[in-house]
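Laboratory data are not the source of any read-out in this text; all were calculated from the coordinates shown. For clarity, every value in this text was computed on a predicted model and none was experimentally measured. Cβ placement follows ideal geometry from the backbone for every residue including glycine, while neighbour counts extend to all protein chains displayed.
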Amino acid sequence: MTMVPRQTSTVSRSQRGGTLYDVLDLILDKGLVIDAYIRVSLVGIEILTIDIRVVVASVDTYLRFAEAVNRLDLSSRSQPRTLPEFVGDLEESGASRKTKGALSGAAESVTGAFRRGRERLTERESRSPPESRRSEKGDD
Amino acid sequence: MTDANKLTYVYGIVGPGHPCDLTDITGVGDPPSVLRRLDAGTIAAVVGDAPAELRAKRRDVHAHQAVIDHLIKQGTVLPMRFGVVAGDEESLRQELVEDADMHLAMLEDLQGRLEVNVKAFVDEDELVRRAALEDPTIQQLRDQSAETIEDQIRLGEAVAAAVDVARQRIAEHIVDLLAGNAVRTAEGPPIKGAAANLSFLVDRDDLSSFAERVDEVAAELAPEIRVQRVGPLAPYSFVAVATDSELQPEE
């Protein structure tokens, strides 16, 4: 998924009610529904809803992520972080829950692993275009 | 419901104090349907004939939203989800009368309050890169030069988990920064490209200060995280009769 925001402004100030696309998820997914009522044309609604929704967990997603990680050019490690600090510290609360002490050691040892991985990557990358180019375009 | 033309499309529910001025506004369908007020005891529904073929097309979804937007300018509205159609007007009226107390309580609770939706967009590639750089599990899996598809799936799962945590962090951070200025907070459905989809119920009087606060937060998080604010809207996210599955976040 390479949905990159097109606006350059930091805030999109939508007009009252916003554009339809901006509130589609709320109109189709929120709002009052009462059991006695009949919801019609579910098919059309589902298609629209799926279109804007994230497929959270699927083999396709996992494979895509794996591919993305394998493709990563880790030379960017030396570049400054681009995401705010609070997003980080994944190693402390994310996929692996370990103590901080253990982590520091792990973080150092993986630096070597990364270097090895990078050598492997360099060969692959000569065959595939840099991933950054893909992300510039966006989906639509 | 054998005759599709007799179905009644429901836009929203209003209380006794709502002027319900329906001039210059039409509903779903082509040609656009005429709107009418269906009185049901102390409350009323704004309804129209349902088109024979109702699809979630841009035109009809826009018409639905336009009607509700028109109504919230006049007073408090319980907005229906797109596509709510009653079999016939009389059974709808009975249903409304039966549930009038519940709807009135909801209308009272939401009086003078509107929804502001805040979405935060982050480049997913950046989250993946971050995960790969910082998560030892991912690094180990990656370094094992995974050959089989099962290995790749395991690696992808670890990345997905880490990306999910990062998104959750962003959402929690934004809630921390904004919840104090709102009456209530609700999480929206996950949206492609969005790390957070949050709705805030805000008092009318606080709408401009809330908007300013969102813009401050947006400026703090830019440019890596792009914050989009939409509203004020009818309180779509605050009218749902919560079900167990909605109350319990999936683990």
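A few comments on the model shown:
- Members of the range B:172-190 found to be hydrophobic (A, V, I, L, M, F, W, C) and surrounded by 19 or more Cβ atoms within 10 Å (Cβ to Cβ), listed by number: B:ILE174, B:LEU178, B:ALA182, B:ALA186
Let's see how each residue does on (1) within 29 Å of B:ILE13 (Cβ to Cβ); (2) facing another protein chain (nearest Cβ under 7 Å):
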| position | (1), (2) |
| --- | --- |
| B:ALA160 | no, yes |
| B:GLU187 | yes, no |
| B:ALA195 | no, no |
| B:LEU198 | yes, no |
| B:ARG204 | yes, no |
| B:GLU212 | no, no |
| B:PRO223 | no, yes |
| B:ARG229 | yes, yes |
| B:LEU233 | yes, yes |
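- Filter pass, B:ASP176 being under 21 Å from the mean Cα position of the chain (by Cα) and without any contact (Cβ under 8 Å) to a residue 12 or more places away in the chain: yes
- Leading residue by the ranking (surrounded by the fewest Cβ atoms within 10 Å (Cβ to Cβ)) among those in the range B:118-144 that are over 23 Å from the mean Cα position of the chain (by Cα) and touching a residue at least 60 places away in the same chain (Cβ under 8 Å): B:GLU126
- Qualifying positions in the range B:63-90 - among the β-branched types (Val, Ile, Thr), more than 15 Å from B:ASP49 (Cα to Cα) and free of Cβ contacts under 8 Å to residues at least 60 places away in the same chain: none
- Looking only at the range B:69-107, and only at residues there that are of a type in the set (Lys, Arg) and touching a strand residue (DSSP E or B) at 6+ places or on another chain (Cβ under 8 Å), the one that is surrounded by the most Cβ atoms within 10 Å (Cβ to Cβ): B:ARG81
- Counting only strands (runs of 3 or more DSSP E) wholly contained in the range B:157-239, the ones carrying 2 or more residues that are among the hydrophobic types (A, V, I, L, M, F, W, C) occupy B:194-203, B:225-233.
- Every condition in (1) surrounded by fewer than 16 Cβ atoms within 10 Å (Cβ to Cβ); (2) over 30 Å from B:ILE43 (Cα atoms); (3) in contact with a strand residue (DSSP E or B) (Cβ under 7 Å, 6 or more places away or on another chain) is met by B:GLU147 except one, and the failing one is (3).
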